[in-house]
Amino acid sequence: MTALRVALAGLGTVGGGVIRVLDANRELIARRAGRPIEIVAVSARDRSKDRGVDLSRFAWEDDTQALARSEADVVIELVGGADGPALALARATLAAGKGLVTANKAMLAHHGLELADAAERAGAALKFEAAVAGGIPVIKGLREGAAANEIARVYGILNGTCNFILSKMEAEGRDFAEVLAEAQTLGYAEADPSFDIDGVDAAHKLSILASLAFGTRPAFGAVAISGIRAVLAADVAEARALGYRIRLLGVAEAGADGLFQRVHAHLVPENHPLAHVTGATNAVVAEGNFVGRLLFQGAGAGEGPTASAVVADLIDIARGEFGPPYAMPSHALAAMEAADGGKRRGRAYLRFTVADRVGVLAEIAAAMRDAGVSIEGLIQRGANPDGSVLVAIVTHEVAESSVAAALERLRGSQSLIGQPMWMHILG
């Protein structure tokens, strides 16, 4: 039986994991794939680095781009980055008619349509299960398992770093900066954690999920993004007292008003499955018109889960099981306008840090009233050591444009200390 020959670009944590998975489960993988899967060439920046696996059995290419010209049938791209060497390798691989497997969500978010079109024209596979939620088979679930359904909404916890931080703050009552430092020490957060904690990583993944769920062109530029830097331990405590947990969610919906995509901190009701997803775990919910609510949950990152997803894609290719990367031909993907988030209606959590003086609550209430925002509940805690007071408000259902108008009315108020915090309540 002819082996599927594979070239591997990038020998970091996941690249090493791919080699280990193929070594450990070689016989089982060959039986499931219908033929052996063999790495024939590798490439990375540092040839001398000890990666804990035997690389001497593989041809080494100092030039990553040479892998597209090698004898391999499939190239695995684990270099990373939206552009640069990763994109050049992806383009060259598909132009050569070879299959491409990638875990690169940034590249797909920015160039996914181009790469899908190139793969279809070449009759080559483009597979990216590992790009979203690590070892969770959510790409396959949407592309294949839910293919008969119209998906109304897809949303979930798409970044393990943020979920680790928020659930740690919840469990231990600690502030964001302190828990972030611990996450960095434990390896859950990068030295520069901006992509994670500012929501960019989750937005890359959301744009891929939205395209698969709704049959639309990937539209990363239309994702409204905010992260968790401004979440306080006090917010977590107030949410808990109100019967919620704070989670960074990516939410996407497609409707008559266009495609809505947002990454934002939400208050999640305690009776919702996402409220109980803790640590570095990822979870994705898809709502189909016949299948109902689907929940995909598991390890969203790490060597084992991500490498497992990469190898699963190789097995599909070895079987000859691949179709359009985004579940339908790229020319059939709809170019949908971005929906106006201001027209969305829902309940909101608003937190203000204010000066401890008479009239502050009346000023906030007046701004809400004048903007047409009805207050469902208000909590005011005692003064902080610096003399400030935390005020938390939960609104009734209201248009988001009205909440924005209320906050605009309070802009520049001498009563407010710092910026208000606005979190949506998952409904």
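For helix 233-242, report the angle its Cα long axis makes with the longest principal axis of the Cα atoms of the chain; keep it between 0 and 90° and round to the nearest 10°.
80
By average Cβ neighbour count within 10 Å, what is the ranking of 89-95, 256-262 from highest down? Write out the running numbers ahead of the final one.
On the way: 89-95: 22.6, 256-262: 18.9.
Answer by packing, highest mean first, reads 89-95, 256-262.
What list of whole percents do you get for P(r) of the chain, with Cα-Cα distances grouped in 20 Å bins up to the one holding the largest distance?
Bins of 20 Å from zero give 25, 51, 21, 3, 0 percent of pairs.
Rounded to the nearest 0.05, what FRET efficiency is calculated for ALA355 and ASP257 with R0 set to 41 Å and r the Cβ-Cβ distance?
Values: r = 40 Å, r/R0 = 0.98.
About 0.55, to the nearest 0.05.
Provide the net charge surrounding GLY199, with neighbours chosen by a C-beta distance below 15 Å and charges set as Lys +1, Arg +1, Asp -1, Glu -1.
On the way: positive: LYS105, LYS205, ARG229, ARG247, ARG262; negative: GLU190, ASP192, ASP196, ASP198, ASP201.
Net of charged neighbours comes to 0.
Could you tell me how many degrees, from 0 to 90 and to the nearest 10, lie between the Cα long axis of helix 13-24 and the main elongation axis, the longest principal axis, of the Cα atoms of the chain?
That helix lies at roughly 50 degrees to the long axis.
What is the spin-label model distance, in nm, from ASP386 to ASP370 if the labels are put 7 Å beyond Cα along the C-beta direction?
Once both label points are built, they end up 2.7 nm from each other.
Using the structure shown, list the pairs from LYS49/LYS105; LYS49/LYS127; LYS127/LYS168; LYS49/LYS140; LYS49/LYS168 with a Cα-Cα distance above 32 Å, or answer none.
Working: LYS49/LYS105 26 Å; LYS49/LYS127 28 Å; LYS127/LYS168 34 Å; LYS49/LYS140 34 Å; LYS49/LYS168 34 Å.
In this structure, LYS127/LYS168; LYS49/LYS140; LYS49/LYS168 exceed 32 Å between Cα atoms.
Taking a cut-off of 12 Å between Cα atoms, list the aspartates and glutamates near LYS205, but don't count ones fewer than 8 places away on the same chain.
Of all the aspartates and glutamates, those that pass the test against LYS205 - Cα under 12 Å, at least 8 places apart if same chain - are GLU129, ASP196.
Of ALA365, ALA256, LEU11, which is farthest on the positive side of the dipole of the chain, counting Cα position, with +1 on Lys and Arg Cβ, -1 on Asp and Glu Cβ, and the Cα centre as origin?
Checking the options against the dipole of the chain, the answer is ALA256.
Nearest 5 is fine: what % of DSSP beta bridges in the chain come out antiparallel, could you say? It would help to have the intermediate numbers written out before the result.
Working: 49 of 73 bridges.
Of all bridge pairs located within the chain, approximately 65 percent are antiparallel.
What number, rounded to the nearest 500 deg cm²/dmol, is the helix-based mean residue ellipticity at 222 nm of the chain, given -39500 (n - 2.57) per DSSP H run of at least four residues and division by all its residues? Don't jump to the answer; show the numbers that get you there.
Details: 12 runs with 142 residues, N = 427.
One gets -10500 deg cm²/dmol as the mean residue ellipticity at 222 nm.
If R₀ is 22 angstrom, what is the calculated FRET efficiency for the pair ALA233 and SER194, using the beta carbon separation as r and rounding to 0.05? Can you show the working numbers first?
Values: r = 21 Å, r/R0 = 0.97.
It comes out at approximately 0.55.
Counting only C-alpha contacts under 8 Å and six or more residues apart, can you give the relative contact order of the chain as a whole percent? Provide the component values of the computation, followed by the final result.
Working: 920 pairs, mean separation 69.8, N = 427.
It comes to 16 percent, rounded to a whole number.
Give the residue from PHE195, ILE246, ALA219 lying farthest towards the positive end of the charge dipole for segment 138-299; charges sit on Cβ (+1 for Lys and Arg, -1 for Asp and Glu) and the dipole is referred to the Cα centre.
Result: ALA219.
For the chain, which longest stretch is free of loop sites, where a loop site is one of the GluC sites (Glu not before Pro) that DSSP puts outside H, G, I, E and B and that has at most 14 other Cβ atoms within 10 Å? Can you show the working numbers first?
Details: sites that count: GLU71, GLU150, GLU190, GLU270, GLU321, GLU337, GLU397.
In short, 191-269.
When you have a sec, figure out the Kirkwood radius of segment 1-137 from all distinct Cα pair distances and drop it here in Å to one decimal?
On the way: mean 1/r = 0.0662 Å⁻¹.
Final number for the Kirkwood radius of segment 1-137 is 15.1 Å.
Any idea what the dipole of segment 342-425 comes to, in debye rounded to 20, about its Cα centre with Lys/Arg Cβ at +1 and Asp/Glu Cβ at -1? Walk me through the numbers before you get to the answer.
On the way: 10 positive and 8 negative charges, 42 e Å.
Magnitude of the dipole: close to 200 debye.
Averaging over every viewing direction, what projected area does the convex hull of the Cα atoms of segment 125-283 cover, in nm²? Mind showing how you got there, number by number?
Values: hull surface 40.5 nm².
Taking the Cα atoms of segment 125-283, their convex hull projects to 10.1 nm² on average.
Compute the acute angle (0 to 90°) between the alpha-carbon long axis of helix 84-95 and the principal axis of greatest extent of the alpha-carbon atoms of the chain; round to the nearest 10°.
Tilt of helix 84-95: around 50 degrees.
Read the figures in this text as sums done on the coordinates, not as results from a lab. Treat the numbers as computed from the prediction; the structure is a model and nothing was measured. Don't worry about glycine lacking a Cβ; one is built from the backbone with ideal geometry, like all the others, and counts go over all protein chains shown.
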